[in-house]
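Notes follow the structure.
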């Protein structure tokens, strides 16, 4: 399950396609929830405003998706989300904090403990 910033009309930003190529199915919020996520992200969270009301709205969307789709884990696909959704899990699902994952991978790469595999056609560093 992925929550992310959805700036275009399709709201997909090709994430489901990239994951599907790896055999992973990604579930996204419905259009109304995408619009609400964008509203909260761009008018509140990105401005450094972290209200409990905003957090509860996001948790409500997460709980709705879990109930409807029975999926796990939750991918926080925008670097601002861990600032307000800072738990390791919500209800019964675990959270993948992509900011933390990226920072840890960069640190390991800089320390020489992992190799970089640059896929130039995809623009992805793994």
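Considering only residues that are modelled with pLDDT of 85 or more, in contact with a strand residue (DSSP E or B) (Cβ under 9 Å, 6 or more places away or on another chain) and closer than 14 Å to residue 27 by Cβ, which ones fall in region 49-73? Walk me through it before giving the result.
Within region 49-73, the subset modelled with pLDDT of 85 or more is 49-68.
Remaining after also requiring in contact with a strand residue (DSSP E or B) (Cβ under 9 Å, 6 or more places away or on another chain): 58-59, 61-63, 65-66.
Scanning region 49-73 gives 61, 62, 63, 65, 66.
Got a number for residues in region 57-86 being in a loop (DSSP other than H, G, I, E, B) and either touching a residue at least 24 places away in the same chain (Cβ under 8 Å) or surrounded by 13 or more Cβ atoms within 10 Å (Cβ to Cβ) (or both)? Walk me through it before giving the result.
Initial filter on region 57-86 (in a loop (DSSP other than H, G, I, E, B)): 70-73, 77-80, 85-86.
Still in the list and also either touching a residue at least 24 places away in the same chain (Cβ under 8 Å) or surrounded by 13 or more Cβ atoms within 10 Å (Cβ to Cβ) (or both): 71-73, 77-80, 85.
Residues in region 57-86 being in a loop (DSSP other than H, G, I, E, B) and either touching a residue at least 24 places away in the same chain (Cβ under 8 Å) or surrounded by 13 or more Cβ atoms within 10 Å (Cβ to Cβ) (or both): 8 in total.
If you check every pair at least six apart or on different chains, which have Cβ atoms under 8 Å apart with a residue in region 27-48 that is closer than 10 Å to residue 78 by Cβ first and a residue that is in a loop (DSSP other than H, G, I, E, B) and modelled with pLDDT of 90 or more second?
Within 8 Å, no pair qualifies.
State all residues of region 19-42 that are in a helix (DSSP H, G or I), out of contact with any strand residue (DSSP E or B) (no Cβ under 7 Å at 6 or more places or on another chain) and closer than 17 Å to residue 64 by Cβ; if no residue qualifies, say none.
To start, the set of residues in region 19-42 that are in a helix (DSSP H, G or I) comprises 19-21, 31-42.
After this cut, where a residue has to be out of contact with any strand residue (DSSP E or B) (no Cβ under 7 Å at 6 or more places or on another chain) as well, the list is 19-21, 31-36, 38-42.
Hits for region 19-42 are 31, 32, 33, 34, 35, 36, 38, 39, 40.
Would you check which residues across region 92-107 are touching a residue at least 24 places away in the same chain (Cβ under 8 Å) and surrounded by 13 or more Cβ atoms within 10 Å (Cβ to Cβ) and list them? Show your work before the answer.
So the first thing to find is which residues in region 92-107 are touching a residue at least 24 places away in the same chain (Cβ under 8 Å), and the list is 92-93.
Within region 92-107, 93 is the sole residue that qualifies.
The values are calculated or read from the model by the stated rules, or taken from the named source; none is laboratory data. This one's a predicted model, so the numbers in the text were calculated from it and none came from an experiment. Every residue, glycine as well, gets a Cβ built from its backbone with ideal geometry; the counts of neighbours run over all protein chains shown.
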